[in-house]
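The values are calculated or read from the model by the stated rules, or taken from the named source; none is laboratory data. All figures in this text were calculated on a predicted structure; none of them were measured in a lab. Neighbour counts run over all protein chains shown; Cβ positions are idealised from the backbone, glycine included. Surface accessibility is based on the protein's heavy atoms, side chains included, excluding ligands, DNA and RNA. Shrake-Rupley method; radii C 1.70, N 1.55, O 1.52, S 1.80 Å.
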Amino acid sequence: MLNKLKQWKRQQTSEEVDDRFQELLKHPIPGHIAIIMDGNGRWAKKRALPRVAGHHEGMKCVRRITKLANELGLEALTLYAFSTENWKRPKMEVEFLMKLPEEFLGTFLPELVEENVQVKMMGSPEALPVHTKTAVKKAMDATRHNDGLILNFALNYGSRSEIIDSMKHVLNDVQNGILDESDLNEEVFSSYLMTKDLKDPDLLIRTSGEIRLSNFMLWQLAYTEFFFTDVLWPDFGKEHLVEAIEAYQGRSRRFGGLQSEES
Ligand code: FPP
């Protein structure tokens, strides 16, 4: 009896979440959501499991959130999967993390192709193991002609080095007469970044209660709305995505200007 009651309550809640999800579509949806997927290690620790079990569960969550992002009609979903600082982790954990793109894409690529998702990557591919690079390249090639959701993995990504590399590229182009220094502005500089084909994120989500950017998209997040949640990434589900987008829809984005009624 108690179990039946619990099941009924869960069903009620999931119907309520579905209604709220549909309600989101009546208001402006963030075109580009970026997520710092944090808390895999703590998720595993709470269950007395090895840290890598948390990363594996986190990978399943990537699929869940990608599906929802696609249903919402997002233009882009950028996921911080491995930072330039993550190499400092134990070798075994790094090796596991490097296998995840292969496992994820090996399992879900046919679905992503079917769902019109375009897979992209930002970060420095050079240091990645060949098997990781190959899996990502295969997915990028297979989804090249899709024009739906862009699923952008930040892999071996660090924002400061991205900015420095772009500056070097700009200086080079100025020296070679390709770019006139007087033409350099924010828009032109953005076109030198790894995100040149993406709009800046409208919403940044970070899970697990940490409130920092960890060298993620420092330039691109200048006017982004932030949403921090205590939920650990492997537990992040539809209700949490709904909560984040509801919060976004409740914000007034002024980009440094005034609300129209204030002017
Ligand atoms: C941070 O949590 C998470 C990472 C460094 C890895 C994130 C990777 C995934 C979620 C899977 C990626 C999947 C694909 C398909 C590429 P943490 O380990 O720092 O957690 P903790 O702070 O609780 O220790």
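Checked against the criteria, M92 does not count as in a strand (DSSP E or B) and open to solvent by 40 Å² or more (accessible area, probe 1.4 Å).
Within the stretch 50-91, the set of residues being under 18 Å from E102 (Cα atoms), more than 8 Å from the ligand (Cβ to nearest atom) and small (G, A, S) comprises just one member, A53. In the set (1) outside any loop (DSSP other than H, G, I, E, B); (2) surrounded by 17 or more Cβ atoms within 10 Å (Cβ to Cβ); (3) over 18 Å from the mean Cα position of the chain (by Cα), L128 fails one condition alone, (1). Answer yes if at least one residue in the stretch 213-223 is among the small types (G, A, S) and either open to solvent by 70 Å² or more (accessible area, probe 1.4 Å) or outside any loop (DSSP other than H, G, I, E, B) (or both), and no otherwise. Yes: the stretch 213-223 contains one or more residues that are among the small types (G, A, S) and either open to solvent by 70 Å² or more (accessible area, probe 1.4 Å) or outside any loop (DSSP other than H, G, I, E, B) (or both). When the stretch 1-58 is filtered for residues that are closer than 23 Å to E225 by Cα and either small (G, A, S) or touching a Cys at 6+ places or on another chain (Cβ under 9 Å) (or both), the ones remaining, listed by number, are G31, A34, M37, G39.
Results for (1) at pLDDT below 95; (2) within 16 Å of the ligand (Cβ to nearest atom), shown as yes or no for each residue.
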| site | (1), (2) |
| --- | --- |
| Q7 | yes, no |
| E16 | no, no |
| A34 | no, yes |
| K46 | no, yes |
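Given the criteria away from the ligand (no atom under 13 Å from the Cβ) and either open to solvent by less than 40 Å² (accessible area, probe 1.4 Å) or under 30 Å from S252 (Cβ atoms) (or both), does F21 qualify? Here the answer is yes, as F21 does meet what is asked.
All of T84, T66 fail the test of being in contact with a strand residue (DSSP E or B) (Cβ under 7 Å, 6 or more places away or on another chain), more than 18 Å from F104 (Cβ to Cβ) and in contact (Cβ under 8 Å) with a residue 12 or more places away in the chain, apart from T84.
Being surrounded by fewer than 22 Cβ atoms within 10 Å (Cβ to Cβ) and either away from the ligand (no atom under 14 Å from the Cβ) or modelled with pLDDT of 95 or more (or both) is a property that T143 lacks. Of the numbered conditions (1) in a helix (DSSP H, G or I); (2) open to solvent by less than 20 Å² (accessible area, probe 1.4 Å), L155 satisfies every one except a single condition; which is it? Looking at each condition in turn, L155 falls short on (1). Considering the conditions (1) more than 9 Å from the ligand (Cβ to nearest atom); (2) assigned to a helix (DSSP H, G or I), K26 is excluded by exactly one of them, (2).
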